[in-house]
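Let me begin by presenting the structure, written as structure tokens, before commenting on it.
Just so it is clear, none of the values below were taken in a lab; they were calculated from the coordinates. Given the structure is predicted, the values throughout are model-derived calculations rather than measurements. Cβ sites come from the backbone with ideal geometry, for glycine too, and all protein chains shown count toward neighbours.
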Amino acid sequence: MLSKNRIKYIRSLEMKKYRKAEKAFLAEGNKLVNDLLGHFSCKLLIATAQWLEAHPLLLAQETIEVSAEELARASLLKTPQEVLAVFELPSYTYDDSLPGHSLCLALDDVQDPGNLGTIIRIADWFG
């Protein structure tokens, strides 16, 4: 069973400031959660009994089995899926071991994929 505080926490991750403060993000849906489980640390996994039976080998710090109705209350989607998970945001550090004559392009919070493509093409042009 999900407490009101747990539901409030999950729903708060919809907003960027809470994702940054908690250093976590929310993923919903079978395919997305399965893809992310192998790449990110899962803090919390909430799923229906059917989903948990179909996926017995899970790597999550905490797993909660809920009914579809409970999952619907916590979900941010109009049509909730069978699973949602809270993952830890990865932390990256700058590697200052790069040689002094090397160029480094660091990007943060790029909103538009088209902008990223333009940045890469310009960086390639400059060498």
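Only residues that are assigned to a loop (DSSP other than H, G, I, E, B) and of a type in the set (Lys, Arg): list them for segment 1-43, please.
Lys23 - this is the single residue of segment 1-43 that is assigned to a loop (DSSP other than H, G, I, E, B) and of a type in the set (Lys, Arg).
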So, of the residues in segment 26-36 that are touching a residue at least 40 places away in the same chain (Cβ under 8 Å) and surrounded by fewer than 19 Cβ atoms within 10 Å (Cβ to Cβ), which turns out to be farthest from Lys78 (Cα to Cα)? Leu36
Quick one: in segment 46-90, of everything that is without any contact (Cβ under 8 Å) to a residue 24 or more places away in the chain and of a type in the set (D, E, K, R), which residue is surrounded by the fewest Cβ atoms within 10 Å (Cβ to Cβ)? Lys78
